[in-house]
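The values are calculated or read from the model by the stated rules, or taken from the named source; none is laboratory data. Since the structure is predicted, the reported quantities are computational estimates derived from the model, not experimental observations. In this analysis, Cβ positions are derived from the backbone assuming ideal geometry, glycine residues included, and neighbour counts consider all displayed protein chains.
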Amino acid sequence: MARTPSNMLALGTKAPDFTLTDTVSENIYSLEELKGRVGTVIMFICNHCPFVIHVNPMLSALGKHYQEKGIGFIAISSNDIVNYPQDAPHFMKETAQKAGYSFPYLYDATQKVAKAYNAACTPDFYVFDTDLALVYRGQLDDSRPGNGVALSGNDLANAMDALLQGTEISPLQKPSIGCNIKWKS
């Protein structure tokens with residue numbers, strides 16, 4: 001299992017715009033349509049990565065909890081589906097339904113969105129404020145498959161809580177660790 005860290009996009013970076021298809025509803029959405037009233041979480045995930053499979057229950061729980069508070073959640077898969085067919089859109093829809101995602105699961109066929117965000121791994125998390133300026137990027141928490149640390153979602157949740165309360169988010173943020181994004185040749 002490869003262990004690729006986040007690239008840690010600079011705090012304050014404006015969220016790159018995109019328009020992608022949601023694999024569940026098959027509707028096309030822009031970032032502007034999906035962003036939250038208070039903030040927006042954008043996460044790069046995929047179907048087959050053991051790191052994502054490990055955190056899926058927490059992703060679903062956090063999504064349901066924080067969407068009610070005005071934070072938009074957006075999941076994006078950018079993996080090459082020629083060499084990784086298990087990440088194809090019809091399987092993304094199955095994964096979203098099985099995991100109970102309450103948020104869209106978008107497919108980035110050209111990989112331009114992942115490149116614009118400098119995404120490196122799955123899962124890779126970004127939190128943007130109401131103006132779509134980056135306030136957090138990094139890990140969900142310290143739990144990894146097989147390390148014995150229970151899932152808590154604390155790192156991501158603490159950033160979202162601070163955003164909701166209007167308090168400062170610590171710039172000391174740990175990179176996420178996961179499978180590398182499967183880039184096209």
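Annotation: residue 97 fulfils all but one of (1) in contact (Cβ under 8 Å) with a residue 24 or more places away in the chain; (2) farther than 14 Å from residue 56 by Cβ; (3) surrounded by fewer than 23 Cβ atoms within 10 Å (Cβ to Cβ); (4) over 13 Å from the mean Cα position of the chain (by Cα); the unmet one is (2).
Note on the stretch 1-44: among residues that are hydrophobic (A, V, I, L, M, F, W, C), in contact with a Pro (Cβ under 7 Å, 6 or more places away or on another chain) and more than 21 Å from residue 63 (Cβ to Cβ), the one that is modelled with the lowest pLDDT is 1. Within the stretch 108-135, residues that are on the phi > 0 side of the Ramachandran plot have Cβ atoms under 8 Å from residues that are not in a loop (DSSP other than H, G, I, E, B) and not charged (D, E, K, R) in these pairs: 132/31; 132/40, counting only partners at least 6 apart in sequence or on another chain. Taking the criterion of being among the acidic types (Asp, Glu) and closer than 21 Å to residue 42 by Cβ, the residues of the stretch 138-167 that qualify are 141, 155, 161. Candidates are the residues of the stretch 59-94 that are of a type in the set (Gly, Ala, Ser) and touching a residue at least 60 places away in the same chain (Cβ under 8 Å); the one that is farthest from residue 47 (Cα to Cα) is 70. In the stretch 84-91 there is no residue that is modelled with pLDDT of 95 or more and in contact with a helix residue (DSSP H, G or I) (Cβ under 6 Å, 6 or more places away or on another chain).
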